[in-house]
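The values are calculated or read from the model by the stated rules, or taken from the named source; none is laboratory data. Note that the structure is predicted; figures quoted are calculated from it, not measured. For neighbour counting, all protein chains shown are included, and Cβ atoms are generated from backbone atoms with ideal geometry for every residue, glycine included.
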Amino acid sequence: MPAALRCDSLAKRYGATVALGGVDLEVAPGELLGLLGPNGAGKSTLTKIACGLVRATDGRAEVEGAPAGSAEARAAIGYLAELFRFPDWLTADELLALHQDLSGSEGGPNERSELLELVGLADARDTKVAAMSKGMQQRLGIAQALVGSPRLLMLDEPTSALDPVGRRVVRDLLRELRERGIAVVLSSHLLSEVELVCDRVAILLGGRIVAQGTPDELAQPRGVEVETGEGVRSFPEATRDQVPAIVAELVQSGERVYGVRILGSTLEDAYLEAVGAA
């Protein structure tokens, strides 16, 4: 199967301003990729090129093997912008029907019912957008992005305005989409959210990818702490594999061991290091 999204030496310039400076990126079918970077890093430009809203200056972007912006690529992609706004007077069902007309989807009432069920809004079918909470509107936005059964979903800050309960609902929904084989590119500034849900992370800075890998691959070991009867003992250079020998040595020396903690950096640490180094 072709990659859900593939970028080869993707570049975009606006006059003298370089928005993307040669990005190589591949998102596998069913993969959840976190796209990180400060404002102006190039995340929105990459998303717009993938959606066919902006043309690349150089390089190539493909969606499921079709050139970005082509009819085949547009049919395979769904998009939810960060600052979306739906007509207040439409109900959830009417909004999805509108987007079915816009996308040419022939799913009809069955597709709308399935999508509302998927995002937990089955009981809000006849609720107007104006009467919905921010969390409900966010989930409705994801439902509209899924109209027409796209295989790639581009989401821009889908949890930034939600409370902890709302963020958890969206996280569970993203995991469900992954189980269905739908790839998701998630742009977010909430690094803890990305760390919890994403399979892989790409960090953009100045239009270039400065680091990518799984959250575990990007995190760095920070040693080992052992709780003993005499207090916490730190071994800053130790690795996980050295823990049994450390514990055995402490016990042999007469110390009581109550717990072991393997220390590691968070995705936030890795992000700050990558951005700072670049």
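Mind listing whichever residues of region 162-183 are assigned to a helix (DSSP H, G or I) and of a type in the set (A, V, I, L, M, F, W, C)?
First, the residues of region 162-183 that are assigned to a helix (DSSP H, G or I): 164-179.
Hits for region 162-183 are 165, 169, 170, 173, 174, 177.
Just the residues that are more than 34 Å from the chain's Cα centre (by Cα) and either in the same structural domain as residue 33 (by TED's automatic domain parsing) or without any contact (Cβ under 8 Å) to a residue 12 or more places away in the chain (or both), please, taken from region 205-261.
Listed by number, the residues that qualify are 231, 232, 234, 244, 245, 248, 249, 251, 252, 253, 254.
Quickly run through region 126-157 and pick out the residues that are touching a Leu at 6+ places or on another chain (Cβ under 9 Å) and in a loop (DSSP other than H, G, I, E, B).
Residues satisfying the conditions are 127, 132, 146, 147, 157.
For residue 166, which of the numbered conditions (1) buried (at least 19 other Cβ atoms within 10 Å of the Cβ); (2) under 25 Å from residue 115 (Cβ atoms); (3) out of contact with any Leu (no Cβ under 8 Å at 6 or more places or on another chain) fails to hold?
Unmet condition: (1).
Count, please, the residues in region 48-86 that happen to be of a type in the set (Ser, Thr, Tyr) and either part of a helix (DSSP H, G or I) or in contact with a helix residue (DSSP H, G or I) (Cβ under 7 Å, 6 or more places away or on another chain) (or both). Working first, answer last.
Of all residues in region 48-86, those of a type in the set (Ser, Thr, Tyr) come to 57, 70, 79.
Okay, now just the ones that are also either part of a helix (DSSP H, G or I) or in contact with a helix residue (DSSP H, G or I) (Cβ under 7 Å, 6 or more places away or on another chain) (or both), so 79.
Count: 1.
For region 223-241, how many residues are outside any loop (DSSP other than H, G, I, E, B) and over 22 Å from residue 266 (Cβ atoms)? Don't jump to the end; show me each part of the working.
First pass over region 223-241, keeping only residues outside any loop (DSSP other than H, G, I, E, B): 223-228, 231-235, 240-241.
Narrowing further to those that are over 22 Å from residue 266 (Cβ atoms): 228, 231, 233.
Going through region 223-241 one residue at a time, the tally reaches 3.
Go through (1) out of contact with any strand residue (DSSP E or B) (no Cβ under 9 Å at 6 or more places or on another chain); (2) part of a helix (DSSP H, G or I); (3) at pLDDT 90 or above and name the single condition residue 105 misses.
Result: residue 105 passes all but (2).
What are the residues in region 75-102 that are within 12 Å of residue 140 (Cα to Cα) and in contact (Cβ under 8 Å) with a residue 60 or more places away in the chain, if any?
If the condition is that a residue be within 12 Å of residue 140 (Cα to Cα) and in contact (Cβ under 8 Å) with a residue 60 or more places away in the chain, then 80 is the only one that fits.
Return the total of residues in region 31-47 being outside any strand (DSSP E or B) and either buried (at least 20 other Cβ atoms within 10 Å of the Cβ) or touching a strand residue (DSSP E or B) at 6+ places or on another chain (Cβ under 6 Å) (or both).
Quick first cut of region 31-47, residues outside any strand (DSSP E or B) only: 31, 37-47.
Now drop any that are not either buried (at least 20 other Cβ atoms within 10 Å of the Cβ) or touching a strand residue (DSSP E or B) at 6+ places or on another chain (Cβ under 6 Å) (or both), which leaves 31, 37, 41-43, 45-47.
Qualifying residue count for the region: 8.
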